[in-house]
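*Asks:* Can you read through this structure? Questions will come right after.
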Amino acid sequence: MRRHATQPEPEHAPVSMRTVILDIHLDGSMAVTIDGTPYLPPDDAAPWSRASFPQIIDHASEERTVPVRVEVHEVDGTSFTELLPARPPRPAPASEPTPKRKKQVPPALVEVTGEGFVPGEDVACCLIVSHTDATPHGAARAVLDPKQVKGAGEVMLVGRISGTVVTRSLS
């Protein structure tokens, strides 16, 4: 058999709980006391009513940081009691680590240029994977995805109006 050593009582913070008493009147208004002290509605506000319950509880519980015992005394003599616990404190928002951004690599494109086209004309890019327009100075530029020209050795730019053909090597 083992003997238990006496351990000192743990130190606890004193428990504090507010008491709210709601006395309901015949007209539906309420008289409110918090810890025995009358709690009156704001000067220009209507008397407390059941709709005021959340506002009263928030005030008495210091925005739900203190537990509250609520007693409701009805006109017919019935009453009930409810205990509303305090909400656990919300943790401070943790500073989220800045996500590491991947360095954006511009797409590797193949550019093919040529001159001698009619300004604004439609220029075909042969292997014909796309079309482009000539600039106001008669130049054409096609930017192609390397997947489109994989295996091709040359690309042709063909002016649909001028008939200009420019051949460029891809290597």
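FYI, it's all coordinate maths here, none of it is from the lab. For clarity, every value in this text was computed on a predicted model and none was experimentally measured. FYI the Cβ positions are ideal-geometry reconstructions off the backbone, even for glycines, and counts take in every protein chain you see.
*Asks:* Using the Karplus curve 6.51 cos²θ - 1.76 cosθ + 1.60 with θ = phi - 60°, work out ³J(HN,Hα) for each residue of the stretch 63-69 in order, rounded to whole Hz, and write x for Gly and Pro.
*Replies:* After applying 6.51 cos²θ - 1.76 cosθ + 1.60, I find 6, 6, 9, 10, x, 10, 9 Hz.
*Asks:* Now, a different point. Please compute, for the alpha-carbon atoms of the stretch 18-84, the extent along each of the three principal axes and give them in descending order in Å.
*Replies:* Dimensions of the stretch 18-84 along the principal axes of its Cα atoms: 32, 31, 20 Å.
*Asks:* Mean projection of the alpha-carbon convex hull of the stretch 110-169 over all orientations, in nm²?
*Replies:* Numbers: hull surface 13.0 nm².
Seen from a random direction, the Cα hull of the stretch 110-169 projects 3.3 nm² on average.
*Asks:* I would also like to ask the following. What list of ³J(HN,Hα) values in whole Hz, one per residue of the stretch 112-126 in order, does the Karplus curve 6.51 cos²θ - 1.76 cosθ + 1.60 (θ = phi - 60°) give from phi, with Gly and Pro shown as x?
*Replies:* Residue by residue, the stretch 112-126 yields 10, 10, x, 10, x, 8, 6, x, x, 6, 6, 10, 7, 9, 9 Hz.
*Asks:* Modelled label-to-label distance, Ala152 and Ser29, 7 Å Cα→beta-carbon offset: nm?
*Replies:* 8.7
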